[in-house]
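A quick write-up on the structure given underneath.
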Amino acid sequence: MALATIRQLGLADTDVRVVLGGGVLAARDPLLTGSITERLAAAVPGAVMRIADVPPVAGAALLGLDHVGVPVSAEEHLRAAYPSQAS
């Protein structure tokens, strides 16, 4: 899906960032992530892939906090609830 979206948006010749998420990818199995990374690099050499280390609801919550105009400290509190699992 990422490749199809990149192509439809005309971003195949750019340094596009690709953020993938979900429980299976969050496990960071080398066989799965390696395959995805290789295929993405072959099709879009400038692509930079990242795996989201927080559930999608965190992004939705941050957007909601922005919408209602809460102080930055509230966003920091939410971010602290999801410590980075990046390796």
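The values are calculated or read from the model by the stated rules, or taken from the named source; none is laboratory data. Values in this document were obtained by computation on a predicted structure and should not be read as measured data. Counting neighbours? That spans all protein chains shown, and the Cβs are built from the backbone with ideal geometry, glycine included.
Worth a mention:
- Some residue of the stretch 9-29 being part of a helix (DSSP H, G or I) and either more than 14 Å from the chain's Cα centre (by Cα) or of a type in the set (D, E, K, R) (or both): no
- Of all the residues in the stretch 4-21, those that are closer than 22 Å to GLY59 by Cβ and surrounded by 11 or more Cβ atoms within 10 Å (Cβ to Cβ) number 9.
- Within the stretch 44-73, tally of residues that are part of a helix (DSSP H, G or I) and either closer than 20 Å to GLY21 by Cβ or of a type outside the set (Gly, Ala, Ser) (or both): 14
- Long-range neighbours under 8 Å by Cβ, at least six apart or interchain, first residue without any contact (Cβ under 8 Å) to a residue 24 or more places away in the chain within the stretch 42-69, second of a type in the set (Gly, Ala, Ser) and outside any strand (DSSP E or B): LEU65/ALA74
- Total residues in the stretch 28-49, condition exposed (fewer than 14 other Cβ atoms within 10 Å of the Cβ) and either among the β-branched types (Val, Ile, Thr) or outside the structural domain of THR14 (by TED's automatic domain parsing) (or both): 1
- Only residues that are of a type in the set (Ser, Thr, Tyr) and either touching a helix residue (DSSP H, G or I) at 6+ places or on another chain (Cβ under 8 Å) or modelled with pLDDT under 90 (or both) were counted across the stretch 29-72, and they come to 1.
- Apart from one condition, VAL24 fits all of (1) modelled with pLDDT under 90; (2) surrounded by 13 or more Cβ atoms within 10 Å (Cβ to Cβ); the exception is (2).
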